[in-house]
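Throughout, read-outs are computed from the coordinates displayed, never taken from laboratory work. Model, not experiment: these values are computed from the prediction. Neighbour counts run over all protein chains shown; Cβ positions are idealised from the backbone, glycine included.
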Amino acid sequence: MAEIKIRHKKDGTKSYTVCIRIVGAPPIYKTFSRKTDALEWQERTQSEIRENMNFPKRKAQKYTVADIIDLFIENELPKKKPSAQAEFKMVLNWYKKEIGKYYLSNVDNQMLINCRDKLAKKHKEIPIKGQKARETDKTLSNATINKYMTYMRVVFEYCVSDLDILQINPMSKVKKLKVDNARKRCLEQKEITKLLDNALKTDYELYLCILIALLTGARKSEVLHLTWSDVDFEHKMFYFMETKNGTDRGTPMHDILFDELTKFKNQSKVRHINKNDYLFATSEGKPREFLIGKMFPKLVKQCGIEDFRFHDLRHTQASWQAMGGISQVMTQKTLGHKSPAMTNRYSHLRDENLRPTINNIGNTMLDDWLKHQTNG
């Protein structure tokens with residue numbers, strides 16, 4: 001479908017704007033000073049578009065973005081980590097809504113840049129079970145926008161390598177936004193004392209989550225996905241098997257954590273736990289994400305601790321290691337930033353050289369709290 005709009009300028013002259021709309025392609029506009037030129041361009045362009053779209057050997061002109069997203073969700077998404085599938089699908093559905101109707105042959109840099117710019121104006125949403133997500137006042141961060149782009153890049157790569165529909169990944173030339181990851185927020189001793197005291201009064205499992213993250217530098221997902229088989233009481237070790245960088249990591253258990261988890265396990269016997277159960281589980285046996293997603297922010301606010309997120313407990317462990325003169329190599333090992341290739345056997349993950357670091361830094365961070373517990 002095509003139409004020509006006539007516009008009258010202030011000087012009395014006319015201009016002719018051609019708009020061509022064809023299903024599966026974004027609209028095309030061009031303005032001319034003469035109607036004959038506009039008509040000629042309209043006829044030629046329509047003919048070229050139809051000829052390209054009907055060319056039988058070009059798969060990219062047969063599949064829409066929605067088509068390949070559906071194929072990816074059906075065939076590839078189940079291969080991803082269960083913990084990542086929901087977010088992956090949410091992001092792909094956003095792209096499906098925005099550009100799903102266009103054929104792959106019409107996806108170009110500018111279209112994807114427009115998506116990136118639109119994401120920059122998108123507000124964060126808080127999911128509510130059984131209800132529509134609630135929109136917040138905050139817009140998406142650059143890191144989140146880059147994650148959206150990465151997920152769609154994976155889908156396009158699927159078209160290149162697996163489906164042989166595209167020759168080049170169209171997202172490869174779209175620049176990611178600059179991200180400042182130099183966040184340095186960490187807790188001081190008195191803040192640690194206040195946080196742990198209030199957590200202990202609020203919810204024992206929340207208290208344990210905080211203690212694990214604080215004393216090991218574990219990420220949120222690593223804490224929530226700990227199973228009883230990942231806790232080695234005999235050798236006082238944690239085995240983090242679902243890490244962000246895809247490598248397994250073994251971290252010595254601080255003595256205080258050993259005592260607390262031993263007590264917690266004994267209290268949990270009534271649940272008939274087995275080795276594959278999550279430490280912090282819902283009644284349905286899933287990770288109790290409410291602890292960190294909902295309860296932790298409320299606890300931080302209650303304590304009057306400003307500008308602090310759960311991930312900053314990891315920063316706190318790293319910062320106290322730095323202040324304690326621990327080498328960068330040792331910090332990388334304890335936090336799992338970089339590590340050599342390791343097998344999945346727990347014995348290969350057991351690095352006893354890290355134990356003094358974990359114990360010494362833990363004792364320093366908790367010094368004020370331990371005194372408070374003794375005097376209290």
Check: Hey, what do the phi angles of region 139-156 turn into as Karplus ³J(HN,Hα) couplings, whole Hz, using 6.51/-1.76/1.60 and θ = phi - 60°, x for Gly and Pro?
Finding: 8, 5, 6, 4, 5, 5, 4, 4, 5, 4, 5, 4, 4, 6, 4, 5, 5, 5
Next item on the list: Would you please give the residues with an amide H less than 5 Å from that of M237, counting only those at least 5 places away or on a separate chain, with H modeled from the backbone geometry?
Entry: D232, M253
Check: Arranged from highest to lowest average of other beta-carbon atoms within 10 Å per residue, in what order do the peptides 185-191, 154-160 appear?
Finding: 154-160, 185-191
Next item on the list: Tell me which residues come under 5 Å, amide H to amide H, from K124 once H is placed; ignore anything under 5 positions away on its chain.
Entry: T136, K138, T139, L140
Item checked: Distant-in-sequence amide H partners of L226 (H built 1.01 Å from N, under 5 Å) -> L279
Notebook entry, point to check: Sorted by packing (mean other beta-carbon atoms within 10 Å per residue), highest first, where do 64-72, 275-283 land?
Noted result: 64-72, 275-283
Check: Given 0.36 nm per residue, what is the gain on full extension from I126 to K81 after removing their alpha carbon distance, in nm?
Finding: 14.0 nm
Margin query: How many angstrom lie between the Cα centre of region 69-95 and the Cα centre of region 105-150?
Written below: 16 Å
